[in-house]
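The values are calculated or read from the model by the stated rules, or taken from the named source; none is laboratory data. Because the structure is a prediction, the values reported are computed rather than measured. Glycine gets a Cβ as well: all are built from the backbone with ideal geometry, and neighbour counts include every protein chain shown.
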Amino acid sequence: MEPTMEKDKKELLINLEGIFKSCEERAAHYDANNLFFQEDFEELKGAGYLLIAVPEEFGGYGMLMDECETLTRKLAYHAAPTALALNMHIYWTGLIADLYRQGDKSIQWVLEEAGRGKVFAAGHGESGNDIPVLYSTCKAEKVEGGYSFTGHKMFGSLTPVWDYLGFHGQDNSDSENPTIIHAFLPRDTQNFEIKKTWDNVMGMRATRSDDTILNDVMIQDKYIVRKVPAGFNGIDGFVLGIFSWALIGFGNIYFGLAKRVVDMVLETLHKKKSISLGRPSMAYHPGIQRDVADMVLELEAIEPHLDTIAREWSQGKAYGAAWGIKIFAAKCHAVEAAWRVVDKAMDVMGGYGISRNSGFERLFRDARLGRIHPSNTYITREVIAKGMLGLDLDYQPR
Ligand SMILES: Cc1cc2nc3c(=O)[nH]c(=O)nc-3n(C[C@H](O)[C@H](O)[C@H](O)COP(=O)(O)OP(=O)(O)OC[C@H]3O[C@@H](n4cnc5c(N)ncnc54)[C@H](O)[C@@H]3O)c2cc1C
């Protein structure tokens, strides 16, 4: 007989197909009105999407990274901002599930809470810090029973709905050995405020990635999940897991978006006419055909790259320190190639593409943001080059 969970998983996947399409129908409305994807969130949560990476023993579907990324990519095809914001929750649960399966049960409570329906967001972005997670402008000070944090976190996707904000601060009390303190902020904590900064941003508006300001916020020891050296030297399994799940997720989101754009182009081209072509549509134009082929060539290369990395991570391939290069390269390749696809699509779509009604203009704006997500274009090249050249990534000045 088929195990129950396998059956449930099949049901989930069937349900999600329909919900993803509903998300697509709402996407333009959220974008035009600067709204959080509340209805998407409720439907997806109700169907079990937020449980995909949570192990079965905590009420989830126990999917490994490769399966989760397939779903992330599918959702992004229909509603990229929704997929992007929920990627923050998926990445926390996914990486902590990996640690749990490897025998590290120290953060098991996150999986228990996620199984009960709690939502986890990410508070790593800080202005003036191009290497978030490994360094922090947020001050962490040891106090009786925990740590106090003071700092300004930006780009907090899922702001309207998170129950816990996973974030980090830096303890500089030993100036020779600064330490990064990773913690979770429960929503009912005192001394933090949300600053609405997300209205009318260029793209990915429905993520509602507002700022969070921490003003001497006391976090109890039970919510302090890691203390590691600042910098690249502090990359343990937990920190590597953040990078891996977050960045491979970003790559899949912008890839899903680019796939959607190519499908839109293919559909539109048959309706695009030319008075002088003597053919039924612009689909017959050799220049256009070349651009279409170039777009498809990009897609054909991104997909196996992302799939390989997600599969190898899921199988526990022993790349050791080279994992950093693998993860950064996959994310960078995916978002840069996805952008080339979407940028070329603007040429092919022509004037119609810039009108709101086309739906393309919104996807164009969303797609451009892939390259500024960490790791951005500059730090990616720095990590790959220094890593391959055997240089010390922590050496100062950079
Ligand atoms: C759609 C999207 C969603 C994201 N979601 C998350 C998330 O959920 N969690 C997370 O941790 N990170 C998230 N990231 C943020 C990411 O981690 C980066 O921090 C972000 O891409 C910007 O990094 P930066 O160093 O380029 O920003 P910076 O350019 O250093 O900072 C941008 C912010 O700093 C201020 N600022 C900086 N310089 C100036 C200036 N000269 N004048 C005035 N104001 C200034 C602005 O207010 C602006 O909001 C998200 C990014 C995107 C694009």
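For region 339-381, the set of residues classified as assigned to a loop (DSSP other than H, G, I, E, B) and within 13 Å of the ligand (Cβ to nearest atom) consists of 373, 374, 375, 376, listed by residue number.
Going by the conditions given, is residue 398 of a type in the set (D, E, K, R), part of a helix (DSSP H, G or I), surrounded by fewer than 17 Cβ atoms within 10 Å (Cβ to Cβ) and not assigned by TED's automatic domain parsing to the domain that holds residue 34? Full working, then the answer.
On the way: of a type in the set (D, E, K, R): yes; part of a helix (DSSP H, G or I): no; surrounded by fewer than 17 Cβ atoms within 10 Å (Cβ to Cβ): yes; not assigned by TED's automatic domain parsing to the domain that holds residue 34: yes.
Judged against the criteria, residue 398 is not a match.
If residue 127 satisfies all but one of (1) in a loop (DSSP other than H, G, I, E, B); (2) within 13 Å of the ligand (Cβ to nearest atom); (3) in contact with a Phe, Trp or Tyr (Cβ under 8 Å, 6 or more places away or on another chain), what's the number of the condition it fails? Among (1) in a loop (DSSP other than H, G, I, E, B); (2) within 13 Å of the ligand (Cβ to nearest atom); (3) in contact with a Phe, Trp or Tyr (Cβ under 8 Å, 6 or more places away or on another chain), residue 127 violates only (3). None of 153, 105 is within 14 Å of the ligand (Cβ to nearest atom) and of a type in the set (D, E, K, R) except 153.
Which residues, counting only those in region 207-236, are outside any strand (DSSP E or B) and over 30 Å from residue 324 (Cα atoms)?
Those that are outside any strand (DSSP E or B) and over 30 Å from residue 324 (Cα atoms): none in region 207-236.
Taken as a whole, the condition of being away from the ligand (no atom under 15 Å from the Cβ) and buried (at least 19 other Cβ atoms within 10 Å of the Cβ) applies to residue 113. Test residue 390 against the stated conditions and say whether it is modelled with pLDDT of 95 or more and either surrounded by 14 or more Cβ atoms within 10 Å (Cβ to Cβ) or within 16 Å of the ligand (Cβ to nearest atom) (or both). It is false that residue 390 is modelled with pLDDT of 95 or more and either surrounded by 14 or more Cβ atoms within 10 Å (Cβ to Cβ) or within 16 Å of the ligand (Cβ to nearest atom) (or both). For residue 384, the conditions (1) surrounded by 20 or more Cβ atoms within 10 Å (Cβ to Cβ); (2) part of a helix (DSSP H, G or I) all hold with the exception of (1).
Matching residues to (1) buried (at least 18 other Cβ atoms within 10 Å of the Cβ); (2) touching a residue at least 60 places away in the same chain (Cβ under 8 Å); (3) of a type in the set (Asp, Glu); (4) out of contact with any Lys or Arg (no Cβ under 9 Å at 6 or more places or on another chain):
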| position | (1), (2), (3), (4) |
| --- | --- |
| 167 | yes, no, no, no |
| 171 | yes, no, yes, no |
| 174 | no, no, yes, yes |
| 183 | yes, no, no, no |
| 193 | no, no, yes, yes |
| 197 | no, no, no, yes |
| 213 | no, yes, no, no |
| 221 | no, yes, yes, yes |
| 227 | no, no, no, yes |
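Taking the numbered list (1) closer than 26 Å to residue 299 by Cβ; (2) free of Cβ contacts under 8 Å to residues at least 60 places away in the same chain; (3) surrounded by fewer than 24 Cβ atoms within 10 Å (Cβ to Cβ) in turn, residue 74 passes all entries but (2).
In the set (1) among the polar types (S, T, N, Q); (2) within 25 Å of residue 86 (Cβ to Cβ); (3) touching a Phe, Trp or Tyr at 6+ places or on another chain (Cβ under 8 Å), the condition left unmet by residue 170 is number (2).
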